[in-house]
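The values are calculated or read from the model by the stated rules, or taken from the named source; none is laboratory data. Nothing here was measured: the structure is a model prediction, and the numbers come from that model. Here the Cβ is made from the backbone with ideal geometry for all residues, glycine too, and neighbour counts use every protein chain on show. The area values use the complete protein model at the heavy-atom level, side chains included, leaving out ligands, DNA and RNA. Shrake-Rupley method; radii C 1.70, N 1.55, O 1.52, S 1.80 Å.
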Amino acid sequence: GESVGLHLPTLSVQEGDNSIINCAYSNSASDYFIWYKQESGKGPQFIIDIRSNMDKRQGQRVTVLLNKTVKHLSLQIAATQPGDSAVYFCAENPWGNQFYFGTGTSLTVIP
Amino acid sequence: SQTIHQWPATLVQPVGSPLSLECTVEGTSNPNLYWYRQAAGRGLQLLFYSVGIGQISSEVPQNLSASRPQDRQFILSSKKLLLSDSGFYLCALGGTHGYTFGSGTRLTVV
């Protein structure tokens with residue numbers, strides 16, 4: 001959509017702090033969501049997913065929260081490390097196997 | 001397991017020259033395949049997707065075209081490149097658990 005032409009929102013955090021990256025999704029019919037991490041010069045990689053029958057899911061150092069009421073998704077990264085510096089995309093799945101990506105957020109970890 | 005291959009990794013082409021980027025997948029049949037473009041510091045823009053051989057859907061009008069000559073091959077082409085075609089091009093393989101992306105092609109049109 002139009003948002004792909006905009007510069008990515010940026011977030012800077014100190015190493016060791018927790019990071020929270022937010023995403024607003026558009027389709028209330030979406031029932032599956034994924035967070036991707038894209039390091040510089042590489043393709044996005046799957047981090048964690050969540051289905052709409054859950055409001056929280058935890059992985060290794062990452063937690064995804066889903067608020068269906070306000071169509072909001074967040075990714076929390078605990079004890080952020082320099083290797084976490086990347087662009088993070090949320091993706092929603094409203095039907096079939098088609099996914100739609102959010103604008104993305106550029107995370108910079110300050111050593 | 002499913003794998004996706006995309007090449008070349010980098011490409012520098014003059015304005016007006018043709019383009020052909022290739023994407024192939026392994027470990028699956030009849031996959032959904034996608035081409036995305038990403039300008040520097042920006043988000044993912046869906047260019048084309050294909051649900052089968054010869055089936056191409058275009059998301060945005062532009063100077064590019066796509067073809068699916070074989071089940072596991074997806075090609076992005078242009079007859080004459082523009083400066084605005086510069087960017088990072090990503091091929092993706094669709095699945096029930098999201099997309100698997102290729103490693104991308106950095107295209108610079110000079």
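Here are the numbers:
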| quantity | calculated |
| --- | --- |
| Test set (1) in contact (Cβ under 8 Å) with a residue 60 or more places away in the chain; (2) touching a strand residue (DSSP E or B) at 6+ places or on another chain (Cβ under 7 Å) - B:V60 fails condition number | (1) |
| Long-range neighbours under 6 Å by Cβ, at least six apart or interchain, first residue farther than 13 Å from B:P31 by Cβ within segment B:94-106, second of a type in the set (S, T, N, Q) and buried (at least 22 other Cβ atoms within 10 Å of the Cβ) | B:S103/B:Q6 |
| Filter result (at pLDDT 95 or above, assigned to a loop (DSSP other than H, G, I, E, B) and open to solvent by less than 90 Å² (accessible area, probe 1.4 Å)) within segment A:16-38 | A:G16, A:D17 |
| Of all residues making up segment B:22-43, the number that are touching a residue at least 40 places away in the same chain (Cβ under 8 Å) and under 27 Å from A:T105 (Cβ atoms) | 10 |
| Test: residue in segment B:45-55 that is outside any loop (DSSP other than H, G, I, E, B), over 22 Å from B:L11 (Cβ atoms) and among the polar types (S, T, N, Q) | yes |
| Selected residue (only one of B:S77, B:S50, B:S86 is within 14 Å of chain A (Cβ to nearest Cβ) and in contact with a strand residue (DSSP E or B) (Cβ under 9 Å, 6 or more places away or on another chain)) | B:S50 |
| Single unsatisfied condition, A:T108 versus (1) in a strand (DSSP E or B); (2) in contact (Cβ under 8 Å) with a residue 40 or more places away in the chain; (3) open to solvent by 40 Å² or more (accessible area, probe 1.4 Å); (4) closer than 21 Å to B:L90 by Cβ | (4) |
| Test: residue in segment A:46-63 that is surrounded by 12 or more Cβ atoms within 10 Å (Cβ to Cβ), within 23 Å of B:Y89 (Cα to Cα) and within 14 Å of chain B (Cβ to nearest Cβ) | yes |
| Residue, least open to solvent (accessible area, probe 1.4 Å), within segment B:63-93, restricted to residues that are of a type in the set (K, R) and touching a residue at least 60 places away in the same chain (Cβ under 8 Å) | B:K80 |
| Residue count, segment B:56-74 (criterion: more than 14 Å from chain A (Cβ to nearest Cβ) and in a loop (DSSP other than H, G, I, E, B)) | 5 |
